[in-house]
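The structure appears right after this line, and notes come after that.
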Amino acid sequence: MAEQQLYAVPEHWAANAKVDRDAYEALYAAAAADPDAFWLEEAKRLDWIKAPTVAGDWSFDEDDFHIQWFKDGVLNVSANCIDRHLPERGDQVAIIWEPDVPEEEPRRFTYRQVHEEVGRFANVLKAQGVRKGDRVTVYLPMIPEAAFALLACARIGAIHSVVFGGFSPDALAGRIQDCDSKLVITADAGRRGGKRIALKANVDAAAARAPSLERVIVIKVTGDDVPMHDRDIWYHEAAAEVSSECAPEPMNAEDPLFILYTSGSTGKPKGVLHTTGGYLLWASYTHDLVFDHRPENVFWCAADIGWVTGHTYVVYGPLANGATTLMYEGLPNWPDASRIWQVVDRHQVHTVFTAPTALRSLMKEGDAPVKATSRASLRLLGTVGEPINPEAWRWYHQVVGEGRSPIVDTWWQTETGGALIAPLPGATDLKPGSATKPLPGVHPQLVDEAGEVLDGAVSGNLCITASWPGQMRTVWGDHERFFQTYFTTYRGKYFTGDGCRRDEHGYYWITGRVDDVLNVSGHRMGTAEVESALVLHPKVAEAAVVGMPHDVKGQGIYAYVTLNSGEEPSEDLTATLRAWVRKEIGPIATPDAIQFAPGLPKTRSGKIMRRILRKIAEGEVDSLGDTSTLADPAVVDDLVANRQR
Ligand code: 6R9
């Protein structure tokens with residue numbers, strides 16, 4: 001099989017890597033044999049105010065359910081990401097910022113400058129009454145101030161909740177209310193691909209539906225004219241009033257660091273909570289191992305800070321390790337398909353870490369835009385967010401990387417804090433499309449539907465049997481939902497929601513979600529969220545949403561819509577409903593196809609049979625399976641006849 005082709009560790013990597021094959025095996029064995037000793041030793045990579053004496057204290061069992069790591073340790077995340085580097089690398093560039101518009105000048109901040117900026121930002125927050133434990137919502141474009149805002153929250157012990165700038169006012173309002181946040185940090189507007197995103201206007205619209213909101217700090221980015229209300233203050237004005245000296249707050253390892261909302265298979269998005277010590281350790285550990293971190297290398301994770309990848313690999317991991325991290329304001333294919341590789345040349349980037357969807361969209365433009373650039377500085381490539389198809393993998397490896405750079409395909413989730421299954425560039429032979437093997441300290445297991453453990457080369461549902469420091473600790477405000485969602489499908493195990501195959505070499509191949517979560521361009525989207533948005537429209541009676549294969553996005557959104565009686569399907573209505581969902585949730589949730597259906601396939605008990613809807617959306621109309629249990633089997637013929645392409 002072509003996918004089984006092995007790409008051996010390149011010689012220069014094998015000879016020079018921090019962790020080679022033997023070292024990986026030794027680390028894996030050590031972490032399995034004595035996890036507590038292993039993690040207490042690893043914890044030394046952080047700077048503790050009080051070093052922990054215990055590592056993991058956890059149980060996934062219902063009677064005794066709890067997850068804690070390093071619980072008697074005290075530290076501050078921002079001091080770990082900034083202050084402790086000052087003696088040795090105060091003048092090293094910590095953050096390179098590349099603007100949306102290529103003609104504009106990049107900005108660079110040394111660790112010393114980041115220290116000042118973060119101290120000042122922290123004092124602005126304090127002056128607004130923000131205290132340890134308060135929630136601060138961050139709704140910003142990819143600007144350096146976004147990193148400063150996160151680190152400023154961490155410095156004073158406030159809990160940040162970043163909301164992706166592409167989310168609608170409604171989605172933003174829901175996320176402000178859910179964690180009862182009183183303060184939002186935003187910008188007048190954002191810039192992406194030459195377009196404006198009206199962030200401040202969105203906050204104003206959200207405020208009407210978010211009564212907890214008291215204060216909005218506005219960063220001037222575009223200079224757009226925005227109305228300022230009583231609750232609004234300009235960041236630059238507030239910053240002029242305060243000093244840049246702010247002592248970091250001592251935090252217990254289990255104090256919350258941030259909330260990040262993510263989609264599940266049911267209900268509203270969940271506020272995933274990560275805590276201070278375990279999360280930072282996981283960010284540092286995985287960034288170091290998976291990317292073979294060296295302080296002299298420029299590291300570029302192209303994710304937005306609105307997603308967990310941006311948290312862990314733009315901000316926390318690299319800065320905890322004293323790296324130079326690149327933040328890019330814009331889009332991968334704007335102004336043209338050379339942009340990413342031009343940025344690589346401009347900043348002599350060593351590692352690029354991006355999503356398969358971005359690669360597929362660039363691949364469509366051919367090799368010329370890549371070959372127009374040098375990329376001589378590139379040594380390591382990474383992917384995250386969704387399975388990478390072997391074709392895109394090979395293009396990345398051969399055309400972008402010219403065969404010399406390993407690809408680290410990192411599998412993980414918002415819930416896991418950082419990578420769990422990923423190759424190490426100097427240790428792991430690669431197979432295109434496989435995230436390869438678990439990191440030391442990670443214990444994956446495949447189970448069948450009944451929960452039977454599957455050994456050897458098999459496919460099954462992916463569980464993790466033991467806690468790791470970067471694991472989420474709870475769903476904000478709903479600990480019961482945390483337990484129910486992740487620990488009841490297979491008792492005593494963390495269930496990831498992913499299907500997975502393990503091959504004869506023990507390599508893991510993630511096959512995608514087995515629940516009702518879509519992965520659209522690497523973004524998680526609950527089918528239930530899109531359905532709720534659709535049925536809010538006055539003409540819609542019922543909606544069912546499934547995924548469909550999509551060349552660039554990986555998965556597209558296919559919506560079956562039943563209209564209220566008296567309403568007629570039309571192309572106009574299709575456009576209206578697409579715009580409606582965009583407005584309700586955000587552009588990433590826009591349905592790719594809408595099929596008007598007089599009825600949906602339901603069992604006699606009224607349950608929608610999504611299996612059938614998925615098959616039709618996928619075009620597999622000849623393998624619909626058993627439809628005899630349907631209340632009205634005839635609806636299927638109509639659905640098949642009117643399938644959207
Ligand atoms: C980091 C992130 C998590 C879901 C996850 C899985 C999919 C992520 C992947 C991958 C195959 C990879 N996923 N990385 N699938 N190979 N390397 O993406 O977090 O947004 O929470 O999404 O993404 O299905 O369950 P998140």
Tally up the residues in the stretch 167-192 that are surrounded by fewer than 20 Cβ atoms within 10 Å (Cβ to Cβ) and closer than 28 Å to Glu98 by Cβ, please.
1
Determine, yes or no, whether Asp188 is out of contact with any His (no Cβ under 9 Å at 6 or more places or on another chain), of a type in the set (Asp, Glu) and within 14 Å of Leu140 (Cβ to Cβ).
yes
From the option list Val77, Val93, single residue qualifying as surrounded by fewer than 22 Cβ atoms within 10 Å (Cβ to Cβ) and closer than 30 Å to Arg192 by Cα is Val93
What's the total number of residues in the stretch 409-428 that are of a type in the set (A, V, I, L, M) and more than 9 Å from the ligand (Cβ to nearest atom)?
3
Scan the strands (runs of 3 or more DSSP E) fully inside the stretch 183-225 and keep the ones with 3 or more residues being under 18 Å from Gly166 (Cβ atoms) and β-branched (Val, Ile, Thr).
183-187
Please find, within the stretch 21-69, the residue that is surrounded by the fewest Cβ atoms within 10 Å (Cβ to Cβ) out of those that are basic (Lys, Arg) and out of contact with any Phe, Trp or Tyr (no Cβ under 8 Å at 6 or more places or on another chain).
Lys44
Restricting the first residue to the stretch 498-527 and requiring it to be on the phi > 0 side of the Ramachandran plot, which pairs with a second residue that is more than 9 Å from the ligand (Cβ to nearest atom) and of a type in the set (Lys, Arg) meet a Cβ separation below 9 Å and a spacing of at least six or different chains?
Gly506/Lys437; Ser521/Lys553; Gly522/Lys553
Just checking: which of the helices (runs of 4 or more DSSP H) contained wholly in the stretch 311-429 hold 1 or more residues that are touching a Pro at 6+ places or on another chain (Cβ under 6 Å) and farther than 15 Å from Cys301 by Cβ?
390-395
Strands (runs of 3 or more DSSP E) wholly inside the stretch 457-564 containing at least 1 residues that are more than 12 Å from the ligand (Cβ to nearest atom) and buried (at least 21 other Cβ atoms within 10 Å of the Cβ)
458-464, 494-502, 540-550, 554-563
Farther than 30 Å from Phe148 by Cα, within 16 Å of the ligand (Cβ to nearest atom) and buried (at least 18 other Cβ atoms within 10 Å of the Cβ): which single residue out of Pro356, Pro406 fits that description?
Pro406
Do we find a residue being farther than 23 Å from Leu326 by Cβ, buried (at least 24 other Cβ atoms within 10 Å of the Cβ) and without any contact (Cβ under 8 Å) to a residue 60 or more places away in the chain anywhere in the stretch 153-166?
yes
Filter result (modelled with pLDDT of 90 or more, over 32 Å from the mean Cα position of the chain (by Cα) and outside any loop (DSSP other than H, G, I, E, B)) within the stretch 592-634
Phe596
Answer yes or no: is there a residue in the stretch 6-22 that is aromatic (Phe, Trp, Tyr), outside any helix (DSSP H, G or I), modelled with pLDDT of 95 or more and more than 30 Å from Met142 (Cβ to Cβ).
yes
Subset of the stretch 566-589 (residues that are among the acidic types (Asp, Glu) and without any contact (Cβ under 8 Å) to a residue 24 or more places away in the chain):
Glu568, Glu571, Asp572
Here the residues within the stretch 212-255 that are among the acidic types (Asp, Glu), in contact with a helix residue (DSSP H, G or I) (Cβ under 6 Å, 6 or more places away or on another chain) and within 12 Å of Asn123 (Cβ to Cβ) are Glu245
I need a count of the residues in the stretch 230-274 that are within 27 Å of the chain's Cα centre (by Cα) and assigned to a strand (DSSP E or B).
14
What are the pairs with Cβ atoms under 9 angstrom where one residue, in the stretch 612-625, is crowded, with 20+ Cβ neighbours inside 10 Å and the other, located anywhere, is part of a helix (DSSP H, G or I) and at pLDDT 90 or above? Sequence gap at least six, or different chains.
Ile612/Val636; Ile612/Leu639; Leu613/Leu639; Ile616/Val636; Ile616/Leu639; Ile616/Val640
Tell me, yes or no, whether the stretch 366-376 has at least one residue that is in contact with a Gly (Cβ under 9 Å, 6 or more places away or on another chain), away from the ligand (no atom under 16 Å from the Cβ) and either among the β-branched types (Val, Ile, Thr) or modelled with pLDDT of 95 or more (or both).
yes
Within the stretch 251-309, of all residues that are basic (Lys, Arg) and within 16 Å of the ligand (Cβ to nearest atom), the one modelled with the highest pLDDT is Lys270
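The values are calculated or read from the model by the stated rules, or taken from the named source; none is laboratory data. All of these numbers come straight from a predicted model, not from anything done at the bench. Positions of Cβ are backbone-derived with ideal geometry, glycine not excepted, and every protein chain shown enters the neighbour counts.
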